[in-house]
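J.: For reference, the structure I am asking about is given below.
The values are calculated or read from the model by the stated rules, or taken from the named source; none is laboratory data. Everything numeric here is computed off the predicted structure, so don't read it as measured data. Counting neighbours? That spans all protein chains shown, and the Cβs are built from the backbone with ideal geometry, glycine included.
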Amino acid sequence: MPVSDSVDRETDAEPSGDEPADGLPINELFYSLQGEGILAGVPSMFVRTSGCNLRCWFCDSYHTSWEPTHAWMSLEEIVAEIEASDADHVVLTGGEPLLHDDSVALLEALDDRRYHTTVETNGTIYRDAPIDLVSVSPKLASSTPTPERDPSGEGEWAERHEADRIDIDALARLVAEYDFQLKFVVTDADDMPEILELLADLRAAADIPIPDEDVLLMPEGATRERLAETRGRVADLAMEYGFRYTPRLHVDLWNDAPET
């Protein structure tokens with residue numbers, strides 16, 4: 001179920017006053033296979049919220065960030081759509097779903113109904129909610145929309161994105177309090193020193209074990225053509241450093257089609 005109501009990007013998908021009191025800006029709500037991470041291949045219901053506090057130049061959910069679109073749905077409506085599917089797993093994704101207060105209420109409702117939940121987050125926001133797996137994707141410097149890479153052509157987001165893309169305190173709380181996977185979007189070997197430095201900082205701040213097997217390297221690319229350029233390099237890096245490689249199964253299967 002794609003949606004298309006336009007959102008003012010400067011409000012980051014905040015309600016205008018006419019929406020349900022308990023609801024979320026939903027960009028897509030669909031049944032598919034989890035394409036990434038340790039649960040790749042698991043049939044899941046995806047709840048994709050609109051709005052993000054970052055602007056990765058390669059964002060594969062352009063209409064949740066650079067040009068966010070959505071329909072406001074009440075929590076009751078969202079849960080009803082999920083219950084109508086055959087899914088036991090629900091993926092709350094975005095954009096950045098933890099921007100929204102009512103993401104917690106949705107997760108509580110799903111927990112009451114015994115769904116397994118994964119939250120896909122950039123790791124800059126902590127929420128206290130019943131989450132079975134936090135899939136944290138910290139954004140590297142290579143994600144910053146520099147003027148030559150800014151898809152909007154306006155050059156307004158580079159400084160803000162660079163300043164906000166890493167929050168060690170939020171990351172430390174997420175990995176300390178939830179089952180987690182750390183998923184890094186990697187283009188080539190130039191990204192590895194930053195990943196290693198970030199892991200060292202995070203391990204010190206969280207003061208808990210962060211095994212290399214919970215660190216996933218994922219090739220950058222939202223199309224089959226682009227993945228063909230990056231996945232071999234990233235697979236080699238995973239073997240070299242002892243981290244886990246994760247595919248982008250949905251891209252391999254359906255390219256860049258919506259609702260996948």
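J.: Give the residues of region 156-188 that are small (Gly, Ala, Ser) and touching a helix residue (DSSP H, G or I) at 6+ places or on another chain (Cβ under 6 Å), sorted by residue number.
T.: 172, 176 - these are the residues of region 156-188 that are small (Gly, Ala, Ser) and touching a helix residue (DSSP H, G or I) at 6+ places or on another chain (Cβ under 6 Å).
J.: If you don't mind, there's one more thing I want to ask. What tally of residues in region 178-195 results from selecting those that are touching a residue at least 40 places away in the same chain (Cβ under 8 Å), in a helix (DSSP H, G or I) and more than 18 Å from the chain's Cα centre (by Cα)?
T.: Selection size over region 178-195: 5.
J.: Further question: All but one of (1) surrounded by 20 or more Cβ atoms within 10 Å (Cβ to Cβ); (2) under 19 Å from the mean Cα position of the chain (by Cα) hold for residue 258; which doesn't?
T.: Every listed condition holds for residue 258 apart from (1).
J.: State whether one or more residues within region 226-238 are at pLDDT 95 or above and not in a helix (DSSP H, G or I).
T.: No, the conditions are met nowhere in region 226-238.
J.: Could you identify the single residue in 48, 9 that is at pLDDT 95 or above, under 28 Å from residue 158 (Cβ atoms) and of a type in the set (Lys, Arg)?
T.: Residue meeting the stated conditions: 48.
J.: Continuing with this model, one more query. Any idea which residue in region 154-177 is surrounded by the fewest Cβ atoms within 10 Å (Cβ to Cβ), counting only those that are over 17 Å from the mean Cα position of the chain (by Cα) and in a loop (DSSP other than H, G, I, E, B)?
T.: 154
J.: Within region 217-237, does at least one residue satisfy the condition of being within 20 Å of residue 61 (Cα to Cα), out of contact with any Phe, Trp or Tyr (no Cβ under 9 Å at 6 or more places or on another chain), buried (at least 16 other Cβ atoms within 10 Å of the Cβ) and of a type outside the set (Ser, Thr, Tyr)?
T.: Within region 217-237 (the criterion being within 20 Å of residue 61 (Cα to Cα), out of contact with any Phe, Trp or Tyr (no Cβ under 9 Å at 6 or more places or on another chain), buried (at least 16 other Cβ atoms within 10 Å of the Cβ) and of a type outside the set (Ser, Thr, Tyr)), the answer is yes, since at least one residue qualifies.
J.: Something else now. In region 203-216, which residue that is more than 18 Å from the chain's Cα centre (by Cα) and touching a residue at least 24 places away in the same chain (Cβ under 8 Å) is surrounded by the fewest Cβ atoms within 10 Å (Cβ to Cβ)?
T.: Residue satisfying both the conditions and the ranking: 207.
J.: Next question. Give me the pairs, please: first residue somewhere in region 236-257 and among the basic types (Lys, Arg), second residue anywhere and assigned to a strand (DSSP E or B), beta-carbon distance under 9 Å, and either six or more positions apart or on two chains.
T.: From residues that are among the basic types (Lys, Arg), the pairs are 244/181; 244/215; 244/216; 244/217; 248/218; 248/219.
J.: How many of the residues making up region 115-139 are touching a residue at least 60 places away in the same chain (Cβ under 8 Å) and outside any loop (DSSP other than H, G, I, E, B)?
T.: 3
J.: Can you list residue pairs whose Cβ atoms sit under 9 Å apart, with the first residue in region 64-93 being in contact (Cβ under 8 Å) with a residue 12 or more places away in the chain and at negative phi and the second being of a type in the set (Lys, Arg) and in a helix (DSSP H, G or I)? Count only pairs 6 or more apart in sequence or on different chains.
T.: Here the result reads 65/9; 66/9; 67/9; 68/9, each pair linking region 64-93 to a residue that is of a type in the set (Lys, Arg) and in a helix (DSSP H, G or I).
J.: Which condition breaks for residue 46 when tested against (1) in a loop (DSSP other than H, G, I, E, B); (2) surrounded by 20 or more Cβ atoms within 10 Å (Cβ to Cβ)?
T.: (1)
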